[in-house]
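First the structure, in the form of structure tokens, and then the observations on it.
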Amino acid sequence: MMTAALMAMTAMAANAQNPFVQTWCTSDPAPMVHGDRMYVYTGHDEDNADFFWMQEWRVYSTEDMVNWTDHGSPLALESFSWADDRAWASQTIERNGKFYWYICAHSKISKGMAIGVAVSDSPTGPFKDAIGKPLFENGSWDHIDPTVMIDDDGQAWLMWGNPQCYYLKLNPDMISYSGELGRLDMTEEAFGSPMMSKREKGKKYKDSYVEGPWLRKVDSSKFKVESSKAYQLLYAAGGVPEHISYSTAPSPTGPWTYAGEIMPLSDTKSFTNHCGVADFKGHSYFFYHTGKLPNGGGFGRSVAVEEFTYNADGSFPTILPTDGGVKPVATFNPYRRVEAETMAFSRGVKTEQNDEIGVYVTEIHNGDFIKLQNVDFSLNVPKQFIARVASGLRGGQIEVRLDSLHGELLARMEVPGTGGWEKWQTLTVNFTKKAEGKHDLYFAFTGRKGPKLFNFDWWEVRGLQSLVVEEGGQGQYKAIMKEEATLDAHTIFVPQDLSAFNKKKPLPVLVWGNGACTNSPWEHYKFLNEIASHGYLVVATGYIPMEEKPYQGPMSTTQQQIESIDWVMAQNADPKSPYYNKIDVKNICVAGMSCGGLQTLYNCGDPRIKTLMICNSGLFKNSNRAQAVGGMPMPDKSKLNDIHTSIIYILGGKPDIAYENGMDDFRLINHVPACAANLPVGHGGTYRQAHGGEFAVVALNWLNWQLKGDKQSAKMFKGKDCGLSQREGWTIEKNAKFETLK
């Protein structure tokens, strides 16, 4: 039977954003915007605590206000040699590229609470004690909950205290101060009542300052604020239970005037509250804490956030707590590495961290889940789900689903036992369904009931990939290597900007097959990219090579070249295609290297082919057919009779293992124009040299002549003293029909 806590969590997950951290109890949120992210610095209530047992501070950040990344605990009591207990409320601020985190903790030195400061070059740490001692202490217990603000004139102010509110003027270094400790006048006019020790017996007061101050200045460029109300001090008020109120003043030191409640008493399930305010991407946000997590409460708090709009004079409206929280201010891109500890909502899981991995998700059990909001799949076409996981023994499954725990299943990843909870493996699984548009994304964890299943470090949705090779090539049209959703298991090389091409100036086509019938052009991508940069659409057999390493997988097939031709025909005719009326479907060269050359010869009879280019290849003779690798297409020499176009053999000279076969082909072809060009570099050619080397030069001239009718390129091959015969190392032979080519 589902427990009440589990039912509550499941119901919350459907629509909730608050509390926005579910993995740990968090308190006293202090927001800070830096760059394009909102950071929130929190306390950490220990699970099942019966007091404010707090040992560390934590950091969370977001780019969209709904999906939060857990940066762990970059600061703890152990960071301060002088501290031994009570890591209570804090705030962080940036100045001159450094981040200053003001904290309070119990001091070994004075035996009271003290104000400390840590510093870092990054908003997520690592942080270290900036001065090796408290910034301020005098043995009193009431030095808690620091807030910090840098005024328009550059003066930084630090405030804290319960029930007295103190202040210091910080020096520009942010780790020292000038002047004496200041005290705000805690009067009825300032805060709704004086401090408890000064109240009149029997008198009813409208409010009272308690703790948790948040100092800010109204932006006079946005609001018509009176100078007497330019500064605002927000604070926990009213005693136990607490609500949030604020006061205004013409300066940080006062005189302060009570302005009213902001967040009245509500059913937050926490008898304390603590707020922070920040603007982000054109929206204003109010942060506070509740006790609404399962097993939460007054000593197990959880941070929450509400969006609000200031009044015209910069004053606060009434803000009520909600479970729904805020709406996203940006979409979430899944086509990148995403830390698993990034989530909008979760059930059951926790996070841990170590120096090697950083933060990761743990305590994953059957039925637990992670949810992300407003995930935008339209940025690409999802193909694969990749995750880094570790499991001690049994593993489990990650189900990738849309919009709910039982929504459409996109992929199911089997997580094996990896031999240890921190022995990580990166796994990949294909999407079985197509995801389009914006959705909530769920990772539902399944496996044996009861035990911990696995740890989860990061994930990525891999969509159609692309890569700019050698800065786009040396041609007039900078090229890109990419995948196309409409043509699986092929790689496209094409000019990045197609605006220069149209029905009157279309792209000729090179269809390519790879050596060893490899189902990826990883050996030839520089060569093919260079050709595309000169104004060609290159369609290569196989999966895109995003890194230069051998492809591991099944061989390609001869049919993939036919699929390439079918695809360019369809794309040119499809008004919805970016290639519509931009492809020269009457000028197609089919080519290939080694085994890819055999595939080309197998397909040579296709009437849509304008010319052929056979590289480091040739049909096996009866005398050496036994040398062929299994899986190669093996037509006999009679296949050459199907050739109906011009053809060039580009070979690596006598060191090329295909030289004998290729030259034998050439000598047997007498019914169509044919030539054989040789450079004695061996079977590997020059494809992997910069921009494809010499083979790319020869191939481009052949394509420019045969597909574009370029007369200058024709001079590379035609005539007794053709250009190719003048290039160092090259030799060329032509058959009797060759000089008939125009």
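The values are calculated or read from the model by the stated rules, or taken from the named source; none is laboratory data. Note that this is a predicted model, so its numbers are computed, not measured. Every residue, glycine among them, receives a Cβ derived from its backbone with ideal geometry; neighbour counts consider all protein chains shown. Each accessible area value is taken on the protein alone, full model and side chains, heavy atoms only, with ligands, DNA and RNA left out. Shrake-Rupley method; radii C 1.70, N 1.55, O 1.52, S 1.80 Å.
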Every residue from segment 323-370 that is farther than 21 Å from LEU393 by Cα, of a type in the set (Asp, Glu) and modelled with pLDDT of 95 or more: ASP323, GLU339, GLU341
Quick one: is MET634 in contact (Cβ under 8 Å) with a residue 40 or more places away in the chain, open to solvent by 40 Å² or more (accessible area, probe 1.4 Å), closer than 21 Å to ASN519 by Cα and of a type in the set (A, V, I, L, M)? no
Could you tell me which residue of segment 504-524 is nearest to ASN572 (Cα to Cα), considering only residues that are open to solvent by 10 Å² or more (accessible area, probe 1.4 Å) and part of a loop (DSSP other than H, G, I, E, B)? PRO506
Do you know which residues across segment 224-245 are open to solvent by 10 Å² or more (accessible area, probe 1.4 Å) and not hydrophobic (A, V, I, L, M, F, W, C)? LYS224, GLU226, SER227, SER228, LYS229, TYR231, GLY238, GLY239, PRO241, GLU242, HIS243
Selection from segment 677-697 of residues in contact with a strand residue (DSSP E or B) (Cβ under 8 Å, 6 or more places away or on another chain) and either within 14 Å of ILE643 (Cβ to Cβ) or polar (S, T, N, Q) (or both) yields ASN678
Suppose the filter is at pLDDT 95 or above, aliphatic (A, V, I, L, M) and surrounded by fewer than 24 Cβ atoms within 10 Å (Cβ to Cβ); does ALA540 pass it? no
Could you list, in sequence order, the residues of segment 525-537 that are among the hydroxyl-bearing types (Ser, Thr, Tyr) and open to solvent by 10 Å² or more (accessible area, probe 1.4 Å)? TYR525
Being open to solvent by 10 Å² or more (accessible area, probe 1.4 Å) and in contact with a Phe, Trp or Tyr (Cβ under 6 Å, 6 or more places away or on another chain) narrows it down to one of GLU339, GLU363, GLU356, GLU399, so name that one. GLU339
Pairs, first within 21 Å of GLY125 (Cβ to Cβ) and open to solvent by less than 70 Å² (accessible area, probe 1.4 Å) in segment 34-49, second of a type in the set (Val, Ile, Thr) and not in a strand (DSSP E or B), C-beta under 9 Å, six or more apart: TYR39/THR124; VAL40/VAL21; THR42/VAL21
When segment 448-482 is examined, which residues are found to be open to solvent by less than 30 Å² (accessible area, probe 1.4 Å) and touching a His at 6+ places or on another chain (Cβ under 9 Å)? LEU453, GLY473, GLY475, ALA479
Which numbered condition trips up SER564, out of (1) part of a loop (DSSP other than H, G, I, E, B); (2) over 19 Å from ILE650 (Cβ atoms)? (1)
For segment 429-447, which residues satisfy the criterion of being modelled with pLDDT of 95 or more and either assigned to a strand (DSSP E or B) or open to solvent by 40 Å² or more (accessible area, probe 1.4 Å) (or both)? VAL429, LYS438, HIS439, ASP440, LEU441, TYR442, PHE443, ALA444, PHE445, THR446
Of the candidates ARG688, ARG667, the one satisfying the condition of being open to solvent by 10 Å² or more (accessible area, probe 1.4 Å), more than 14 Å from ILE614 (Cβ to Cβ) and among the basic types (Lys, Arg) is ARG688
Residue ID - most open to solvent (accessible area, probe 1.4 Å), chosen from residues in segment 483-503 that are more than 27 Å from TYR551 (Cβ to Cβ) and either touching a residue at least 60 places away in the same chain (Cβ under 8 Å) or part of a helix (DSSP H, G or I) (or both): LYS503
Per the filter on segment 348-391, residues in contact with an Asp or Glu (Cβ under 9 Å, 6 or more places away or on another chain) and among the small types (Gly, Ala, Ser) are GLY348, GLY358, SER378, ALA387, ALA390
Identity of the residue in segment 275-284, within 25 Å of GLY192 (Cβ to Cβ) and either among the β-branched types (Val, Ile, Thr) or open to solvent by less than 10 Å² (accessible area, probe 1.4 Å) (or both), that ends up farthest from the chain's Cα centre (by Cα): CYS275
Every residue from segment 94-130 that is open to solvent by less than 40 Å² (accessible area, probe 1.4 Å), of a type outside the set (A, V, I, L, M, F, W, C) and within 21 Å of PHE52 (Cα to Cα): TYR102, SER107, SER110, GLY112, GLY116
Considering only residues that are within 21 Å of ARG216 (Cβ to Cβ) and among the charged types (D, E, K, R), which ones fall in segment 24-75? ASP28, ARG37
Here are the criteria: (1) out of contact with any Ser or Thr (no Cβ under 8 Å at 6 or more places or on another chain); (2) of a type in the set (A, V, I, L, M); (3) open to solvent by less than 40 Å² (accessible area, probe 1.4 Å). Tell me which single one ILE657 does not satisfy. (3)
THR268 is checked against (1) free of Cβ contacts under 8 Å to residues at least 40 places away in the same chain; (2) outside any strand (DSSP E or B); (3) under 35 Å from the mean Cα position of the chain (by Cα) and fails just one. What number does that condition carry? (1)
Among (1) open to solvent by 60 Å² or more (accessible area, probe 1.4 Å); (2) out of contact with any Phe, Trp or Tyr (no Cβ under 6 Å at 6 or more places or on another chain); (3) in contact (Cβ under 8 Å) with a residue 40 or more places away in the chain - the single one ARG199 does not satisfy: (3)
Within segment 654-683, residues assigned to a loop (DSSP other than H, G, I, E, B) and touching a residue at least 60 places away in the same chain (Cβ under 8 Å) come out as ALA658, ILE669, ASN670, HIS671, VAL672, PRO673, HIS683
By my count, strands (runs of 3 or more DSSP E) wholly in segment 153-254 with at least 1 residues that are over 45 Å from the mean Cα position of the chain (by Cα) and among the aliphatic types (A, V, I, L, M) are 177-183
Pairs, first touching a residue at least 12 places away in the same chain (Cβ under 8 Å) in segment 112-131, second assigned to a loop (DSSP other than H, G, I, E, B) and polar (S, T, N, Q), C-beta under 8 Å, six or more apart: GLY112/ASN138; GLY112/SER140; MET113/SER140; ASP129/SER81; ILE131/SER176
State whether the residues of segment 238-250 include one that is of a type outside the set (Val, Ile, Thr) and modelled with pLDDT under 95. yes
Among the residues of segment 327-358, count how many are in a loop (DSSP other than H, G, I, E, B) and aromatic (Phe, Trp, Tyr). 1
Just to check your reading of the model, which residue among ALA628, ALA676 is within 20 Å of ASN514 (Cα to Cα) and modelled with pLDDT of 95 or more? ALA676
